[in-house]
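J.: Just passing along the structure, written as structure tokens.
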Amino acid sequence: MTALDPGRRRALKALMAATLVPALAGLPGPAAAGRTPRVGLALGSGGARGLSHVLIFEVLEELGVVPHRIAGSSIGAIMGALYAAGLSSRDIHDAIDTLTVAHDESWFESLLNREWTRWIKFLEPFGAKGGLMKSDAFIKFLKDIAGVGRFEELQIPLQVVATDFWERRMAVFDSGDLWPAVQGSMAMPGLFSPVTVGDRVLVDGGLTNPVPYDLLLEDCDITIAVDVLGTREPNHDNGNGGVNGAGNGNPSYFDNSFNTFQIMQFSILEEKLRRVRPDILIRPKISNVRVLEFYRFETIFEQSRPAAEQLHKELKALLGKH
């Protein structure tokens, strides 16, 4: 299947809006004339690197753009839920500040220092429920700051992507209880316990759709996809003295687990891009930031600024064409 480039796909959408849609509705003339373009925003998975989604929200606010719809996977589902609930980029940044550990302190090291007791409620004893950590307390924190509990309460329509463990298929949620769906979407295998929603057992959405822009194509005039997988290099331990890395070019246990997961996500996304592309693809060049290094948010933001500037330029140009 040959992928349509964004220009040709937009032209096709415009043609359909000007002919087929008015004809079906019994309307004269172009139905879309004078209408504000509907912007769809797809937020990808990537652990701590997904904090860069905050910069995407900043750009939208600068341009006065409210997404028509949002779709998110894993960390993208978390950030998307907060933004769809009405939190601003500043609000979400402040929430990040309250959760991240001290500067230059890895997640693993924070478990070993004198403040380890603050993490005890997040731990599962010996992986009893299929993961090293439980996410109930974190989900409660998100629900409290968002102030909503159901999809229907959101200010922006949201689709949360998880993976049905037994069916081995993508599971998309857009109605009912919000936070169980988000909890399932972020349930990275081996780290967080799977989540049961109804008769489904859910794990991380990145397993089946790491950047779910394809869910937005039919209903949006401009589709933005944000891939935050970033890149990794061997022999880069961020000064942690081998706590997180082997230091000899071979991956540590955690690197082997998490980066292998991301290799799979990268392959899925590349195959999707060969078939159909979003109007705007943003890939922040986040280098050598591990999945759990949320404390490095300043580095993540710094490395992501050029990508935010790219989005500002491309989105402004597309909005001017509509």
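J.: Name, by its number, the condition in (1) free of Cβ contacts under 8 Å to residues at least 24 places away in the same chain; (2) touching a Gly at 6+ places or on another chain (Cβ under 9 Å) that does not hold for residue 263.
T.: Against the list (1) free of Cβ contacts under 8 Å to residues at least 24 places away in the same chain; (2) touching a Gly at 6+ places or on another chain (Cβ under 9 Å), residue 263 comes up short only on (2).
J.: Condition first: part of a helix (DSSP H, G or I) and open to solvent by 50 Å² or more (accessible area, probe 1.4 Å). Now tell me which residues in the range 277-302 satisfy that.
T.: Step one: of the range 277-302, the residues part of a helix (DSSP H, G or I) are 294-302.
Residues satisfying the conditions are 294, 298, 302.
J.: Tally the residues that are open to solvent by 20 Å² or more (accessible area, probe 1.4 Å) and without any contact (Cβ under 8 Å) to a residue 40 or more places away in the chain, restricting the search to the range 57-77.
T.: Final tally of qualifying residues: 2.
J.: In the range 78-90, how many residues are surrounded by 17 or more Cβ atoms within 10 Å (Cβ to Cβ) and either free of Cβ contacts under 8 Å to residues at least 40 places away in the same chain or over 11 Å from residue 57 (Cβ atoms) (or both)?
T.: Going residue by residue through the range 78-90, those that are surrounded by 17 or more Cβ atoms within 10 Å (Cβ to Cβ) are 78-85, 87, 89.
If we keep only those that are either free of Cβ contacts under 8 Å to residues at least 40 places away in the same chain or over 11 Å from residue 57 (Cβ atoms) (or both) as well, we get 78-79, 81, 85, 89.
Total satisfying the criteria: 5.
J.: Which condition number in (1) crowded, with 19+ Cβ neighbours inside 10 Å; (2) not in a loop (DSSP other than H, G, I, E, B) is the one that residue 306 fails?
T.: (1)
J.: Tell me yes or no: at least one residue of the range 104-124 is modelled with pLDDT under 50 and buried (at least 19 other Cβ atoms within 10 Å of the Cβ).
T.: First pass over the range 104-124, keeping only residues modelled with pLDDT under 50: 104-124.
Among the residues that remain, those that are also buried (at least 19 other Cβ atoms within 10 Å of the Cβ) are: 106-107.
Yes, the range 104-124 contains at least one residue that is modelled with pLDDT under 50 and buried (at least 19 other Cβ atoms within 10 Å of the Cβ).
J.: Do we have residue 31 as of a type in the set (A, V, I, L, M) and at pLDDT below 95 here?
T.: So residue 31 fits the description; yes.
The values are calculated or read from the model by the stated rules, or taken from the named source; none is laboratory data. Everything numeric here is computed off the predicted structure, so don't read it as measured data. We place every Cβ from the backbone using ideal geometry, glycine too, and count neighbours over all the protein chains shown. Keep in mind that these areas ignore ligands, DNA and RNA; they rest on the heavy atoms of the full protein, side chains included. Shrake-Rupley method; radii C 1.70, N 1.55, O 1.52, S 1.80 Å.
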